[in-house]
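Comments concern the structure below.
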Amino acid sequence: MEQEIMTETHSGTAVTASPNRQAIAMQLKDVAVSFNGRTAVRDCTFDVAKNRVTSLIGPSGSGKTTLLRALNRLHDLTSGAKVSGHILLEGTDVYRGDLTVTELRTRVGMVFQRPNPFPTMSIYDNAVSGLRFNGIKKKALLDEAAETSLRAAALWDSVEGRLKVAASNLSGGEQQRLCIARALAMDPEVLLMDEPTSALDPIATLRIEELMTTLKSRVTIIIVTHNMQQAARISDDCAFLLMGEDRAGELIEFDTTEKIFNNPRDPRTLDYTLGRFG
């Protein structure tokens with residue numbers, strides 16, 4: 001019989017830490033993030049299953065992006081930022097283990113809300129920029145990585161004949177897929193995506209969603225989204241965060257997407273997914 005691991009939040013609400021017996025890519029244990037002593041998000045304990053899409057959902061200010069950025073140490077250079085608890089990547093604590101930040105960000109890629117390719121660099125140079133940063137210079141390896149990653153990002157067919165063109169000539173949706181290709185060229189285990197379609201038109205959004213569904217066979221995806229229809233369409237699991245009375249975000253519930261949207265444990269989860277607040 002499938003066993004559910006329960007944990008308590010700050011408010012006493014029980015949440016499910018692992019809704020299924022999947023292999024685990026990352027584990028969060030009592031993760032909290034604060035800035036200059038003010039807690040922004042706390043009580044986050046759940047397992048991220050391999051080769052699935054996990055959505056972080058919740059109202060603005062509930063700590064979704066703050067939590068996502070903690071997963072590959074993007075708060076390290078923020079003055080006064082502190083991450084507590086444990087974030088494990090294949091069993092290694094990303095803050096206290098022997099992983100360097102460079103190695104971590106190779107294994108845990110990031111795609112931001114707005115497409116951010118290097119605008120003056122070519123499509124090709126953008127795709128292999130991370131590899132070059134890590135010291136790879138052999139042209140054959142770079143050529144293979146560029147083609148492989150651009151194919152994986154469903155971009156190769158449209159850019160094959162113009163790899164030397166500046167990335168700024170691409171449409172917004174193509175630029176975002178180039179950013180995805182840039183991350184995939186590093187062959188990450190986990191891909192973090194912070195509202196990757198919020199700046200895109202509906203057609204480009206659909207293409208990115210289709211891409212995520214395809215990519216999860218090769219990389220675990222964790223996405224922040226405000227779009228409940230998108231979360232329902234593309235994610236396998238959901239973490240619902242909500243701001244408490246002290247204005248700190250906390251995990252209310254974590255489960256499969258089907259349960260979160262159709263049979264959640266906490267009535268606040270249902271209220272949010274149905275648009276009754278947010």
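Since every read-out is calculated from the coordinates, none of them should be taken as a lab result. This structure is a prediction, so every number in the text was calculated from the model and none was measured. Heads up, the Cβs are rebuilt from the backbone with ideal geometry, glycines too, and the neighbour counts pull from every protein chain shown.
Summary of values
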read-out	value
Rounded to 5, the percent of DSSP beta bridges in region 167-278 classed as antiparallel	60 percent
Of all DSSP beta bridges in the chain, antiparallel share, percent nearest 5	60 percent
Computed over the chain, Cα set: Rg, Dmax in Å	18.8, 58
Local electrostatic count, residue 105, Cβ distance below 14 Å [Lys/Arg +1, Asp/Glu -1]	0
Under 5 Å, built H, 5+ apart or other chain: amide partners of residue 81	36
Other-chain or far-sequence residues with amide H under 5 Å of residue 41's (modelled H)	33, 249
Cross-link pairs 64/164; 29/139; 64/138; 138/216; 216/259; 82/259 - those with Cα-Cα distance over 31 Å	64/164; 29/139; 64/138; 82/259
Counting DSSP beta bridges with both ends in region 103-232, the antiparallel % (nearest 5)	10 percent
HN-Hα J in Hz across region 141-153 - Karplus 6.51, -1.76, 1.60, θ = phi - 60°, x for Gly and Pro	5, 5, 4, 5, 5, 4, 5, 4, 6, 5, 5, 4, 8
Backbone HN-Hα couplings from phi across region 82-97 [Karplus 6.51/-1.76/1.60, Hz, Gly and Pro as x]	9, 10, 10, x, 9, 10, 10, 10, 6, x, 9, 5, 6, 9, 10, x
Gap separating the Cα centres of region 250-278 and region 188-236, nearest whole Å	19 Å
Cα pair count fraction exceeding 17 Å, expressed as % - region 147-247	53 percent
Helix-only CD estimate at 222 nm, as mean residue ellipticity for the chain, using -39500 (n - 2.57) per DSSP H run (n ≥ 4)	-8500 deg cm²/dmol
